[in-house]
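Some notes on the structure that comes next.
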Amino acid sequence: MKSFSARLYASYTEADLLQALRADDEGAFEEIYKRYCFRLFTVAYRKLKQREEAEELVQDLLADLWGRRATIQIQQLDQYLFSAIRYRIINYIKSQKLKSGYEFYCQLHTSVSTDNTENSLAISDLSAALMAGVENLPEKSRQIFELSRLEHCTVPEISARVNLSEKSVEYHLTKSLKLLRSYLRDFLMLTLSFIAFLK
């Protein structure tokens, strides 16, 4: 019986699968998973060259698809999934760069002092500076930045939630990153000047 069901879903078009998915049909979701999981993984792995991270991004995307099946607005499943995985890859790479920036800052600070308390304070100061920078963003830019970086929403998802075009969302994200880079650069310059003063 199960093999018959599998054959039935295999004959579904994308539109049929989407309709069944919105109706909470687990078989339709399994078919989507079967059709797209490996292809999405291949895209992620080619960009990241890291198996676990690529698998995790794909699993998160498909779990999100199932979790929001009743409300998600998708016209073309294929286009949606491959756009969504690309945005998740970009967000992952950006988050890794931000993490590298933190680590670089900590290494600089550690070279001046190996005291654990001071290291904790440095990380705390940098986190506080980042959050202060986010709070200083214009309201719409802040909202979009938080959806992107804290809730890990894709650009199409943010576009739907804030009622702006995808281009506008990308503009706000680019503007936010520029403002935060400038803000953190000023913070790091002041911190390094202060450390040099203490030496």
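Summary table
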| read-out | value |
| --- | --- |
| Residues of region 30-68 classified as outside any helix (DSSP H, G or I) and within 14 Å of the chain's Cα centre (by Cα), total | 0 |
| Check on residue 12, buried (at least 17 other Cβ atoms within 10 Å of the Cβ), farther than 28 Å from residue 162 by Cβ and in contact with an Asp or Glu (Cβ under 9 Å, 6 or more places away or on another chain) | yes |
| Search result, residues across region 46-68 that are free of Cβ contacts under 8 Å to residues at least 24 places away in the same chain and surrounded by fewer than 19 Cβ atoms within 10 Å (Cβ to Cβ) | 46, 49, 50, 51, 52, 55, 56, 59, 63, 64, 67, 68 |
| Hits in region 69-83 (condition: open to solvent by 70 Å² or more (accessible area, probe 1.4 Å) and assigned to a loop (DSSP other than H, G, I, E, B)) | 70, 71, 73, 75, 76 |
| Residues of region 145-163 satisfying the condition of being of a type outside the set (Phe, Trp, Tyr) and open to solvent by less than 60 Å² (accessible area, probe 1.4 Å) | 146, 147, 148, 149, 153, 154, 155, 156, 157, 158, 159, 162 |
| Subset tally (residues that are open to solvent by less than 80 Å² (accessible area, probe 1.4 Å) and either modelled with pLDDT of 70 or more or under 14 Å from residue 162 (Cα atoms) (or both)) for region 118-139 | 5 |
| Residue 142 closer than 30 Å to residue 41 by Cα, charged (D, E, K, R) and either open to solvent by 80 Å² or more (accessible area, probe 1.4 Å) or at pLDDT below 85 (or both) | no |
| Test result for residue 20, at pLDDT below 90 and either within 29 Å of the chain's Cα centre (by Cα) or not in a loop (DSSP other than H, G, I, E, B) (or both) | no |
| Candidate set: region 149-173, residues that are over 15 Å from the mean Cα position of the chain (by Cα) and of a type in the set (D, E, K, R); chosen: the one nearest to residue 63 (Cα to Cα) | 161 |
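The values are calculated or read from the model by the stated rules, or taken from the named source; none is laboratory data. Computed from a predicted structure; not experimentally measured. In this analysis, Cβ positions are derived from the backbone assuming ideal geometry, glycine residues included, and neighbour counts consider all displayed protein chains. Ligands, DNA and RNA are excluded from the accessible area calculation, which covers all protein heavy atoms including side chains. Shrake-Rupley method; radii C 1.70, N 1.55, O 1.52, S 1.80 Å.
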